[in-house]
Amino acid sequence: MEKAQLILLGLPIFLFCSDLFNLFTPPPPKPPHHLPHQPPPHVVPHQQRVISETLDFPSQKASGLGAVGYGNTVEINFCVSCSFKGTAVTMKKMLETEFPGLDVILANYPAPTPKRLLAKAVPVVQMGVIGMIVAGDRVFPMIGITQPPAWFNSLRANRFGSMASTWLVGNFLQSYLQSSGAFEVLFNGELVFSKLKEGRFPGEIELRDLISKKLTRPSIVSGSY
């Protein structure tokens, strides 16, 4: 019984002393907190370091192609009045997709100067004939012609049809004189395809191969132009 009494008395005293000791003892320093799924800031994983070093090269892209056309220009000069714009836009998209970085410029290829001058004169003649049909009976006496010519009487017999025909024929002539029929492709100022010489449009695969050959020349690869 004495041992049991000593244990019952000693245990509370021991717990009380232990609490006092813990109360006056400073707590130990806490370890630094790190996220379990992230390495310390100063540690860079080997795989991440290799990827960052690989992507530092501008010629290496995620697509694997790179800006192979960077610094080069392709000009497509075509006849706007010939409705060649759709073909030119299709070729432009194809080249920009196949050769990233390539600058593709679309421009109008004008007709020769004599044809353009005649095209500007067509509307003047057109409006003159229509004005003659409408008020020719008053114009001829003013210039000293008392009897209008037979062709004028034929035009006046069907005024609406004559004016419509004059308008349509004039527009057709103006469009024809303004058209050049050209579809010329130049790479850095060098002609690589000419519809005026070949008499046809280039195929997409054909044009891609022509530009690819120009890009893979030693002068282009080494960067000397």
Taking 130-137, 98-105 and ranking on average Cβ neighbours within 10 Å, highest first, one gets 98-105, 130-137
Surpassing 31 Å at the alpha-carbon level, of the pairs Lys93/Lys120; Lys92/Lys115; Lys120/Lys214; Lys85/Lys120; Lys92/Lys197, are Lys93/Lys120; Lys120/Lys214
Once all protein chains are kept in place, Tyr176 shows an accessible area at probe 1.4 Å, nearest 10 Å², of 130
About its Cα centre, the range 78-225 carries a charge dipole, from +1 on Lys and Arg Cβ atoms and -1 on Asp and Glu Cβ atoms, whose size in debye to the nearest 20 is 380
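If you roll a 1.4 angstrom probe over the protein chains with everything in place, what fraction of the accessible area of the range 119-188 belongs to carbon and sulfur, to the nearest %?
Roughly 70 percent of what the probe reaches on the range 119-188 is carbon or sulfur.
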Semi-axes in Å, largest first, for the range 125-225 (Cα gyration tensor, √(5λ)) are 58, 14, 8
Counting only protein heavy atoms and rolling a 1.4 Å probe, one gets per residue an accessible area for the range 103-175 in Å² of 68
Around Ala111 (Cβ within 15 Å, Cβ-to-Cβ, excluding Ala111; K/R +1, D/E -1) the net charge comes to +3
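The values are calculated or read from the model by the stated rules, or taken from the named source; none is laboratory data. Every value quoted in this text rests on a predicted model; they were computed, and no experiment measured them. Every residue, glycine among them, receives a Cβ derived from its backbone with ideal geometry; neighbour counts consider all protein chains shown. All accessible areas refer to the heavy atoms of the entire protein, side chains included, with ligands and DNA or RNA removed. Shrake-Rupley method; radii C 1.70, N 1.55, O 1.52, S 1.80 Å.
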